[in-house]
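Trainee: First the structure, which I've put down as structure tokens, then a few questions once you've had a look.
The values are calculated or read from the model by the stated rules, or taken from the named source; none is laboratory data. For clarity, every value in this text was computed on a predicted model and none was experimentally measured. FYI the Cβ positions are ideal-geometry reconstructions off the backbone, even for glycines, and counts take in every protein chain you see. Just the protein is used for accessible areas: all its heavy atoms, side chains included, with ligands, DNA and RNA removed. Shrake-Rupley method; radii C 1.70, N 1.55, O 1.52, S 1.80 Å.
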Amino acid sequence: MSRSRRRGDYGAPVGLRLAARRPERVTGLIVQNGNAYEEGLSDAARAFAGHRREVPGDEEKVRGLFTSEGIRFQYEAGVADPGLVSPDGRTLDVHYVGLPGRADAQADLAFDYSSNFTQYPVWQAWLRASRVPVLVVWGAGDPFFVPAGAKAYLRDAPDAEVHVIDGAGHFALETHLGEIAPLVGEFLAKLP
């Protein structure tokens with residue numbers, strides 16, 4: 001896909017784009033640190049999304065997130081006990097981003113991340129119209145997406161279950177699986 005046509009990103013925005021396109025296929029939504037609200041963006045996320053290829057130094061800043069140190073930061077930042085984070089996930093990420101062309105693809109996605117912001121109203125409208133059950137679990141220490149983003153889901157899905165997990169970062173499941181898995185199981189058991 002050409003850079004001018006690439007839209008989307010990582011995780012949650014992909015799922016929300018699909019849900020908005022095919023709402024009849026969605027019977028419930030589970031969100032884990034997947035932001036869809038302006039107030040959920042940290043200053044760091046806003047700054048990161050503001051990087052542009054044509055600005056000197058921005059390419060290096062963006063690619064820094066895909067180095068071994070940058071990937072480790074993504075896993076451990078905001079985590080109360082980084083010793084709980086298994087090295088397995090980040091080791092695999094380092095391996096795969098090091099394959100030919102992968103860092104370039106990640107940079108393309110990163111430079112396009114701000115395209116998700118224009119979709120926030122679309123996703124919020126879908127949530128209001130769909131009335132699907134929603135479970136939101138959120139690592140309170142996420143350096144990118146702050147807890148206000150979790151609570152904002154209640155505006156458009158007032159019956160949503162929202163759980164902000166203290167001591168967890170962006171990848172909350174890495175450190176709090178024992179707390180989050182039962183929430184997911186109970187949520188799924190209630191779906192039609």
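Trainee: Yes or no: Val94 closer than 30 Å to Glu186 by Cα, crowded, with 17+ Cβ neighbours inside 10 Å and among the aliphatic types (A, V, I, L, M)?
Mentor: Taking the combined requirement at face value, the residue does not satisfy it.
Trainee: Which pairs have Cβ atoms under 7 Å, sit 6 or more apart or on different chains, and link a residue in the stretch 16-33 that is closer than 19 Å to Glu186 by Cα to one that is surrounded by 18 or more Cβ atoms within 10 Å (Cβ to Cβ) and among the β-branched types (Val, Ile, Thr)?
Mentor: Sorted first by the residue in the stretch 16-33, then by its partner, the pairs are Leu29/Val134; Val31/Val134; Val31/Val136; Gln32/Val137.
Trainee: Would you mention how many residues in the stretch 69-86 are open to solvent by 60 Å² or more (accessible area, probe 1.4 Å) and under 17 Å from His176 (Cβ atoms)?
Mentor: Total satisfying the criteria: 4.
Trainee: Here are Val137, Val162: which of them is touching a residue at least 24 places away in the same chain (Cβ under 8 Å), buried (at least 21 other Cβ atoms within 10 Å of the Cβ) and either touching a strand residue (DSSP E or B) at 6+ places or on another chain (Cβ under 7 Å) or in a loop (DSSP other than H, G, I, E, B) (or both)?
Mentor: Val137
Trainee: Another one. Is it true that some residue in the stretch 78-90 is out of contact with any helix residue (DSSP H, G or I) (no Cβ under 9 Å at 6 or more places or on another chain), touching a residue at least 40 places away in the same chain (Cβ under 8 Å) and not in a helix (DSSP H, G or I)?
Mentor: yes
A quick yes/no check of all residues on (1) under 19 Å from Tyr10 (Cα atoms); (2) over 20 Å from the mean Cα position of the chain (by Cα); (3) crowded, with 17+ Cβ neighbours inside 10 Å; (4) not acidic (Asp, Glu):
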| position | (1), (2), (3), (4) |
| --- | --- |
| Glu24 | no, yes, no, no |
| Asn35 | yes, no, yes, yes |
| Gly40 | yes, no, yes, yes |
| Ala45 | yes, no, yes, yes |
| Gly50 | yes, no, no, yes |
| Gly57 | no, yes, no, yes |
| Gly64 | yes, no, no, yes |
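Trainee: Among the residues of the stretch 176-190, is there at least one that is part of a helix (DSSP H, G or I), open to solvent by 30 Å² or more (accessible area, probe 1.4 Å), over 29 Å from Gly83 (Cα atoms) and in contact (Cβ under 8 Å) with a residue 60 or more places away in the chain?
Mentor: Yes, the stretch 176-190 contains a residue that is part of a helix (DSSP H, G or I), open to solvent by 30 Å² or more (accessible area, probe 1.4 Å), over 29 Å from Gly83 (Cα atoms) and in contact (Cβ under 8 Å) with a residue 60 or more places away in the chain.
Trainee: When only residues in the stretch 10-22 that are surrounded by 16 or more Cβ atoms within 10 Å (Cβ to Cβ) and among the small types (Gly, Ala, Ser) count, which is modelled with the lowest pLDDT?
Mentor: Looking at the filtered set, the residue picked out is Ala12.
Trainee: Which count do you get for residues in the stretch 71-91 that are among the small types (Gly, Ala, Ser) and farther than 10 Å from Glu174 by Cα?
Mentor: Selection size over the stretch 71-91: 4.
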